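In what follows, a structure is listed as structure tokens, so that the remarks can point back to it.
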Amino acid sequence: MGKIIAIVNQKGGVGKTTTSINLAASFAVMKRKVLLIDLDPQGNATVGSGINKDTLPASMKNVLLQEENVKQATLKTKAGYDLLATNHELILAEVELMQTVHRELRLKEALAEHKAHYDYMLIDCPPSLNILTVNALVAADSVLIPIQCEYFALEGLTGLLHTIEQTQSTINSALYIEGLLRTMYDGRNRLALDVSAQLLQHFPNRVYRTVIPRNVRLAEAPSYGMPVVLYDDKSLGSLAYLALAGEMLRRSESMVSS
């Protein structure tokens, strides 16, 4: 049975979509079967995976409104992972869901019968705590939180942790934090060092050892519609995400063995 991981941070520009795309590609390199779910109406994970979001035969909007099932809407990518793509029409689904009974269960119900087909399902969430993000938290087994090491990082994290706790107490008691990932990291920056130290102090067992650096090749890759492991597999960004995937697999294996 696969694991569903929601990649969440209500703050934009922290490397959430970059992490979703490149972690999916890194797991695929390691021969894991992966489904990436683009749950952000901006469709950046779709475009960054090399898919034209304006010509989708089916999308997440159709899945959430129960017009298509997951298998019908899934696309293959050149990076080796499957994709549930998205475009601006997802906003229409969001509006309609607000008037629907049990709206927070739609994604969980859609993924349930397909979970056994994948080792990992990664959900790229929108940069807000809306009904789409709630659907992700209800469907997920765990949450991965990308955090840019800057002044407001810890303040935003407090609100997100509160939302996760609310989800745990009301509808998904099994939900847990997969890990906190430091992104766009520059070890020469004193503020980055200070925030990193605070994260390690407050969440010693949740912060990944792997750090994602600021990297030009990592920033360029989405404009070519590919993960950095395809764009430049020797770049620091590529090596960092491969290291993250390896760290997550080791953690998962140690949890199973214990």
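The values are calculated or read from the model by the stated rules, or taken from the named source; none is laboratory data. Just so it is clear, the model here is predicted, and its values are computed rather than measured. Cβ atoms come from the backbone with ideal geometry, glycine included; neighbour counts cover every protein chain shown. These area figures cover heavy atoms from the full protein model, side chains too; ligands, DNA and RNA do not enter into them. Shrake-Rupley method; radii C 1.70, N 1.55, O 1.52, S 1.80 Å.
Which whole-number percentage describes the relative contact order of the stretch 108-252, with Cα contacts under 8 Å and a sequence gap of 6 or more?
Over the stretch 108-252, the number comes to 18 percent.
Give the cross-link partners of K234 among the lysines, using a straight C-alpha distance below 28 Å as the criterion and excluding same-chain residues fewer than 8 apart.
By straight Cα distance, K234 reaches K16, K31, K33, K76, K78.
If you roll a 1.4 angstrom probe over the protein chains with everything in place, what fraction of the accessible area of the chain belongs to carbon and sulfur, to the nearest %?
Whole-percent figure for carbon plus sulfur exposure: 52.
Taking amide H positions as placed 1.01 Å from N in the peptide plane, with prolines and chain starts having none, which residues 5 or more places from Y118, or on another chain, fall under 5 Å of its amide H?
Those lying under 5 Å, H to H, from Y118 are G2.
Using alpha carbon centroids, what distance separates the stretch 127-179 and the stretch 194-258, in Å?
Cα centres, the stretch 127-179 to the stretch 194-258: 19 Å.
Return the FRET efficiency for the residue pair A116, A219: r is the Cβ-Cβ distance, R0 is 35 Å, and the value is rounded to the nearest 0.05.
According to the calculation, E is roughly 0.45.
Which of (1) 0.98; (2) 0.94; (3) 1.02 is the computed Rg/Rh (Cα atoms, Kirkwood Rh) for the structure on display?
So the structure-derived entry is (2).
Calculate one ³J(HN,Hα) per residue across the stretch 163-176 by plugging θ = phi - 60° into the Karplus curve 6.51 cos²θ - 1.76 cosθ + 1.60, and present them in order as whole Hz with x for glycine and proline.
For the stretch 163-176, the Karplus curve yields 5, 4, 4, 5, 5, 4, 7, 10, 9, 9, 5, 7, 5, 9 Hz.
Accessible area per residue of the chain at 1.4 Å probe, in Å²?
46
Ordered by residue, what ³J(HN,Hα) values in Hz, to whole numbers, does the stretch 185-193 give under the Karplus form 6.51 cos²θ - 1.76 cosθ + 1.60, where θ = phi - 60° and Gly and Pro are x?
8, 10, x, 7, 8, 4, 5, 4, 5
Given H placed 1.01 Å from N in the peptide plane, which residues other than close sequence neighbours of Y185 have an amide H under 5 Å from its amide H?
Here I212, R214 satisfy the definition.
Along Cα→Cβ, 7 Å out, is where each label goes; now give me the distance between the ones at L154 and R190 in nm to one decimal.
Between L154 and R190, the label points sit 1.7 nm apart.
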